[in-house]
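For reference, the structure discussed in these notes is given below.
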Amino acid sequence: VTREELGSAYVAPRTPEEELLAGIWAQVLGVEQVGIHDSFFELGGHSLLATQVISRAQEALGVELPLRTLFEVPTVAGLAERVEAARRAGQGVRVPPLVRLGQADELPLSFAQQRLWFLDQLEPNSALYNLPMAVRLKGKLDVGALERAMNAIVGRHEVLRTTFAATEGRPRQVIAAEMALSLPVVDLSHLPEDEREAEALRLATEDAHAPFDLARGPLLRVSLVRLGEGDHLILLNMHHIISDGWSMQVLMRELAALYDAFRHGRANPLPELPVQYADYAAWQRGWLVGDALEGQLDYWRKQLAGLPPLLELPTDRPRPAVQSYRGATVTFDVPDEIARGLHALGREAGATLFMTLLAAFQVLLSRYSGQDDLAVGTPIANRTRAEIEGLIGFFVNTLVLRGDLSGNPSFEELLRRTREAALGAYAHQDVPFEMVVDAVQSQRNMSHSPLFQVMFALQNNPARAQQAGDLTLLPVEAEAEIARFDLTLSMIEEGGRLAGSLEYNADLFDRERIERMAAHFQTLLAGIVADSAQPVATLPLLTAAERTQIVDTWNDTAAEFPAGRCAHELFEEQVARQPDAVAVVFEGETLTYAELERRANQLARYLRRLGVGRETLVGLCALRGPEMVVGVLGVWKAGGAYLPLDPSYPPERLAYMLADARVPVLLTQEALVQALPAHDARVVQLDAD
C-alpha cells in the first residue's frame, strides 16, 4: 500500500508507546513505515494479524487489551491512548506467564487435544482428523539433506515425538526423547508422464486415508515421490492432535531454512524455541479454571441461548442417522472488481473482509433455509501469545458466530451486527469449543454436528512457496473427500485475488446443487457491492441464465390455437386420446379424464334444462377442488359463461356481484349455501344435487 493510496501524510510516532506499537505493526504487516494515523486495515490487516498485534503489544507494554480494541481504534495513536488508559486503571495482565515446565511425570493434554483423543476412543482407526499435505519440490534435490532437515524439525518440536497413553481412562502425553524419521522414496520416473501424476495422486490419497494409532505413534508420516529429474513430491501427513493449519506453514518455513543450511554444510540456523506444546497445555490447564473459565462460559451461554438446533438447508436426500463424513468440493473465483468492492465496503464499516464475507454467507444461508436466526462455525488460530507463534501443535479453536437477520435488515446493518458478534467471540476465544458445547447444548445428535452444521473460513495467510537455495518448495492443494460438516465455505485471499470453495456432505447434497449455490453466492456478492443499503431479502441470487430460464424460457408458452375451437372441445379431444389418464388430483381424490367428462356432461345437460345457453352468465361460488373444475367445464359445455365468486369475499362484495350480474343460476356447495347473501338465482349444489 503506497502513501498515495492511503490518502494521508506520514506522521511519525511521538511517544515511546507509539514508537513501540508502530514497530509491532510494521513487523506483523510486513510494511516498512507505519504512521500513527494510518489505519491498520487499510495497511492490509485482518483478524488473524490483529491477534498477533494485540498479543505482542500486551507482552511489550504490560497491559491487557481486548482484541476488539484494535477494531474500535485502528490506528497507532488510538491504540496508544487505550494503553495509557489501561495503565491508569491498573489493568495489568491477569493471565499467568507461559514458561517451560522442565521435567514432569504427568503431562496433561490441552483441552483441544483431549477432545480429539476422546473422539478417537469413540471411533478408532478413523482418518477423519488426518492433516495431509503435499509439497512439490522443483530443482536439484539432496535427499540426505532433506531427511536430515525433517529429523531436525522432529527433534526441535516435542509434539512431533508425542504419543498418548491412558491410565485409568485418563489420557496423558508421552514425549519420546528421540525419534528417527526415515524418508522412503518411491520412484515413478520410469512411468509415462500422465501416469506419474495419476499414480502420485493415488499414493497421496492412500496415505491421506491411512489412520494413526495415538497410543503407539508416530503421528507424523513423510515419504518422497520422485516424478522426474528435478521434480519430487513430499507426502506429509499428521494427526490433527499434534498439528493444525498454522503449524503446516511453520513446518514449511523451517524445512526450507534447515534444508538450505544442511545442503551447504552449515549448522542449524533456527533459534531455540522458548516453550514446547506440553508447556502450553499445562499453562492452559492452570489458568483456564474457576472464575477465568466461568466468565468466558457465561458469555457463550448468553450468546447462544435459544439457538435453533439445526440449520434447515434444502437437501437432496434425507439426513442419515449417523454421519459418514463423505465429502466433495466445488471451487469458484470472485471477480477482481467484486473483491475490491468487498474490501472497500468493509473498510467503510470498520469491518474486516472476514466479517463482510461472513455476513454475505449468512444472507445466502438464510435465503436457502428461510431462517433468520442461524449459527456458523469458524476456526480461529488461537495463537494469542507471542511464545507460541512459531510452535507446531494443535492450537486452533472453533468459534460459534450467531447470525441475526431478524427484521429484514439492510446488508450494512447486518454487517454491523456480524462485526459485533465476531468481536465478542474473539474476546472469549480461549474457552475450548467442546466446553461451550457442554455448557450450551445438553443433548447430542449423531446425525449432525452440535451447535452449528455450516463452517466458514477465510484464509488470508495461505501457505506460500519457499525457496531453499536452488530448490523451490510449492504447497499443493489436495481434495481429501471428507466433510466434517454439512457445508464449509472456505475463501482464500492472496495478492488481492479472492477465490472460494464449498466443501459439502455428499450424503446430503448433489454436486449440481452446490454448483448452483456457488453461483448464487457470487451473484449475491455482486449485488452487495452494487447496493449494500438494500434489505437482505431483496439482494439478488439468481444468475443471468437462471433468470432468463424462469422469466423467459419457462413463460414461453405461446402455441397455435385452432381457430373456431372452444376450450371444452379441446378438452373432449384429450378425453378421447387418454380417457383413463388422471385429470384432477386434490387431497387424495382423483378424477380421470373420462370421469371428469361424464360429470361435466351431466351438469351441462341439467343447466340446459334450466335455460342456460349462449350469453347466459352462471355464478360459481365453490372451494378449490374437483367440484370447481366440474362447474367450469359444465357451464362451458352448456354454452354459458361463469362468474367466479370467491367464498372468502365479504358478504357485501358477493351480494353486489350477484345483483350487478343478475345471474339466473348459482353453482355452489352444500357447506356454502347458508353463508351466501340474499339473491334471486336458482341454486345448484355441485356436491349434493
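The values are calculated or read from the model by the stated rules, or taken from the named source; none is laboratory data. A quick note: this is a predicted structure, and the numbers were derived from the prediction, not measured. Please note: Cβ atoms are built from the backbone with ideal geometry, for glycine as well, and neighbour counts cover all protein chains shown. Each accessible area value is taken on the protein alone, full model and side chains, heavy atoms only, with ligands, DNA and RNA left out. Shrake-Rupley method; radii C 1.70, N 1.55, O 1.52, S 1.80 Å.
Data for the structure
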{"quantity": "Qualifying residue in the range 99-107 (condition: in contact with a strand residue (DSSP E or B) (Cβ under 9 Å, 6 or more places away or on another chain), buried (at least 16 other Cβ atoms within 10 Å of the Cβ) and either of a type outside the set (Asp, Glu) or modelled with pLDDT under 95 (or both))", "calculated": "yes"}
{"quantity": "Residues satisfying the stated conditions in the range 542-576, i.e. among the β-branched types (Val, Ile, Thr), over 33 Å from the mean Cα position of the chain (by Cα) and not in a helix (DSSP H, G or I)", "calculated": "557"}
{"quantity": "Any chance residue 130 is open to solvent by 50 Å² or more (accessible area, probe 1.4 Å) and touching a residue at least 60 places away in the same chain (Cβ under 8 Å)", "calculated": "no"}
{"quantity": "In the range 342-359, the residues that are assigned to a helix (DSSP H, G or I) and open to solvent by 10 Å² or more (accessible area, probe 1.4 Å)", "calculated": "343, 344, 345, 347, 348, 349, 353, 354"}
{"quantity": "Residue check for residue 401: open to solvent by less than 10 Å² (accessible area, probe 1.4 Å) and touching a residue at least 60 places away in the same chain (Cβ under 8 Å)", "calculated": "no"}
{"quantity": "Leading residue by the ranking (least open to solvent (accessible area, probe 1.4 Å)) among those in the range 636-683 that are in contact with a helix residue (DSSP H, G or I) (Cβ under 7 Å, 6 or more places away or on another chain) and β-branched (Val, Ile, Thr)", "calculated": "665"}
{"quantity": "Scope the range 316-338; condition of a type outside the set (Asp, Glu), within 18 Å of the chain's Cα centre (by Cα) and at pLDDT 85 or above; matching residues", "calculated": "326, 327, 328, 329, 330, 331, 332, 334"}
{"quantity": "Tally, over the range 593-649, of residues that are within 30 Å of residue 577 (Cβ to Cβ) and in contact (Cβ under 8 Å) with a residue 60 or more places away in the chain", "calculated": "8"}
{"quantity": "Residue in the range 555-577 that is in contact with a Gly (Cβ under 8 Å, 6 or more places away or on another chain) and closer than 19 Å to residue 686 by Cα present", "calculated": "no"}
{"quantity": "Close pairs from the range 408-426: first assigned to a helix (DSSP H, G or I), partner modelled with pLDDT of 95 or more and among the charged types (D, E, K, R), Cβ under 7 Å, at least 6 apart", "calculated": "417/404; 421/402"}
{"quantity": "Selection within the range 292-304 - under 16 Å from residue 406 (Cα atoms) and either open to solvent by less than 30 Å² (accessible area, probe 1.4 Å) or among the aliphatic types (A, V, I, L, M) (or both)", "calculated": "304"}
{"quantity": "Selection from the range 527-541 of residues that are part of a helix (DSSP H, G or I) and surrounded by fewer than 16 Cβ atoms within 10 Å (Cβ to Cβ)", "calculated": "530, 537, 538"}
{"quantity": "Lone qualifier among 487, 474 - being in contact with a strand residue (DSSP E or B) (Cβ under 7 Å, 6 or more places away or on another chain), at pLDDT 85 or above and more than 30 Å from residue 296 (Cα to Cα)", "calculated": "474"}
{"quantity": "Qualifying positions in the range 582-628 - open to solvent by 40 Å² or more (accessible area, probe 1.4 Å) and under 15 Å from residue 664 (Cα atoms)", "calculated": "606, 608, 609, 610, 611, 614, 615, 617"}
{"quantity": "Residues (surrounded by fewer than 20 Cβ atoms within 10 Å (Cβ to Cβ) and more than 22 Å from residue 388 (Cβ to Cβ)) located in the range 59-73", "calculated": "72, 73"}
{"quantity": "Of all residues making up the range 410-447, the number that are farther than 23 Å from residue 47 by Cα and surrounded by 19 or more Cβ atoms within 10 Å (Cβ to Cβ)", "calculated": "1"}
{"quantity": "Candidate set from the range 360-375 (those that are out of contact with any Phe, Trp or Tyr (no Cβ under 8 Å at 6 or more places or on another chain) and part of a helix (DSSP H, G or I)); member that is nearest to residue 411 (Cα to Cα)", "calculated": "362"}
{"quantity": "Verdict on residue 217 being of a type outside the set (Lys, Arg), out of contact with any Asp or Glu (no Cβ under 8 Å at 6 or more places or on another chain), crowded, with 17+ Cβ neighbours inside 10 Å and without any contact (Cβ under 8 Å) to a residue 60 or more places away in the chain", "calculated": "yes"}
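Per-residue answers, yes or no, for (1) of a type in the set (S, T, N, Q); (2) modelled with pLDDT under 95; (3) under 28 Å from the mean Cα position of the chain (by Cα):
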residue: 193; (1), (2), (3): no, yes, no
residue: 209; (1), (2), (3): no, yes, yes
residue: 217; (1), (2), (3): no, yes, no
residue: 224; (1), (2), (3): no, no, no
residue: 228; (1), (2), (3): no, yes, no
residue: 245; (1), (2), (3): no, yes, yes
residue: 253; (1), (2), (3): no, yes, no
residue: 259; (1), (2), (3): no, no, no
